[in-house]
1. May I ask you to list pairs of residues, at least six apart or on different chains, whose Cβ atoms are under 6 Å apart, with the first in segment 19-36 being in a helix (DSSP H, G or I) and the second being modelled with pLDDT of 95 or more and surrounded by fewer than 16 Cβ atoms within 10 Å (Cβ to Cβ)?
2. Being more than 12 Å from ligand 1 (Cβ to nearest atom) and either buried (at least 21 other Cβ atoms within 10 Å of the Cβ) or without any contact (Cβ under 8 Å) to a residue 60 or more places away in the chain (or both) is the filter here, so list the residues in segment 75-110 that pass it.
3. Go through segment 123-155 and give me each residue that's under 21 Å from Met113 (Cα atoms), away from ligand 1 (no atom under 11 Å from the Cβ) and hydrophobic (A, V, I, L, M, F, W, C).
4. Can you tell me which residue is nearest to Ser50 (Cα to Cα) among those in segment 111-135 that are within 15 Å of ligand 2 (Cβ to nearest atom) and surrounded by fewer than 20 Cβ atoms within 10 Å (Cβ to Cβ)?
5. Would segment 142-153 turn up any residue that is more than 26 Å from Thr15 (Cα to Cα) and either at pLDDT below 95 or not in a strand (DSSP E or B) (or both)?
6. Please pick out the residue among Pro97, Pro167 that is more than 16 Å from ligand 2 (Cβ to nearest atom) and within 26 Å of Glu25 (Cβ to Cβ).
7. Kindly indicate whether Ala58 is within 20 Å of Lys166 (Cα to Cα) and either surrounded by 19 or more Cβ atoms within 10 Å (Cβ to Cβ) or of a type in the set (Val, Ile, Thr) (or both).
8. Go through segment 136-150 residue by residue and tally those that are surrounded by 17 or more Cβ atoms within 10 Å (Cβ to Cβ) and within 14 Å of ligand 2 (Cβ to nearest atom).
Amino acid sequence: MFKVDITRPDGFTYTIREFRLEDLERVIWINRTCLPENYPAYFFIEHHRSFPKAFLVAEVGGEVMGYIMCRVELGFSFFKKATLVRKGHVISLAVRPEVRRRGIATHLMMYAMKHMKEYYGAKEYYLEVRVSNTPAISLYKKLGFQIINVIKGYYHDGEDAYLMAKPAEE
Ligand code: ACO
Ligand code: ZN
């Protein structure tokens with residue numbers, strides 16, 4: 001079971017670990033309070049069953065305060081023409097407002113990407129993000145993602161998405 005403790009220079013400490021079924025209610029609550037894209041319980045359970053190493057939570061003081069849920073898919077590469085590759089798809093990421101700007105999302109992303117590569121053979125990573133979501137877009141750019149294209153009307157309220165992607169490091 002993957003688990004790592006992180007302490008910042010200012011003393012703030014958190015744990016990144018694999019999601020467990022006991023976390024389900026809390027993760028659903030974080031999803032509903034942080035994002036307009038919400039899913040039924042089985043959607044979370046299915047991702048946990050299929051890609052347990054790529055569904056992580058962040059705990060602060062013993063409470064889950066953030067999560068990342070991913071899956072790995074076979075599809076055409078965003079970087080190599082006409083090449084089928086395994087792509088790590090970041091489905092949902094959220095950190096509670098009380099503990100933002102402390103690197104939690106960065107660490108959730110870094111470990112989820114590492115695991116998608118090491119356990120599930122991902123050669124690249126991708127995600128969709130609202131074009132208005134400046135904090136998330138900045139985070140992904142900082143992690144080396146680039147905007148591949150705009151998906152018109154991707155969200156239920158009509159907003160466009162950026163499709164962002166990044167090759168996995170060798
Ligand atoms: N404004 C500008 N840049 C920001 C902001 C912000 N509010 N938040 C993060 N960033 C950028 C900064 O460059 C930051 O580095 P810095 O703090 O050294 O300047 C960098 O991202 C890393 O930030 P973290 O501390 O790692 O990110 P955090 O733990 O605060 O979580 C997140 C970021 C997940 C976007 C959080 O704000 C959140 O949960 N938002 C609501 C839900 C959401 O938008 N999720 C992503 C949707 S897309 C998807 O799920 C695929
Ligand atoms: Zn997606």
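The values are calculated or read from the model by the stated rules, or taken from the named source; none is laboratory data. Keep in mind the model is a prediction, meaning the values are calculated, not measured. Here the Cβ is made from the backbone with ideal geometry for all residues, glycine too, and neighbour counts use every protein chain on show.
1. Sorted first by the residue in segment 19-36, then by its partner, the pairs are Asn31/Asn38; Arg32/Asn38.
2. Hits for segment 75-110 are Gly75, Phe76, Ser77, Lys80, Lys81, Ala82, Thr83, Leu84, Val85, Arg86, Lys87.
3. If the condition is that a residue be under 21 Å from Met113 (Cα atoms), away from ligand 1 (no atom under 11 Å from the Cβ) and hydrophobic (A, V, I, L, M, F, W, C), then Ile147, Ile148 are the ones that fit.
4. Tyr126
5. Yes - at least one qualifying residue is present in segment 142-153.
6. Sole residue among the options that is more than 16 Å from ligand 2 (Cβ to nearest atom) and within 26 Å of Glu25 (Cβ to Cβ): Pro97.
7. So Ala58 fails the test.
8. 3
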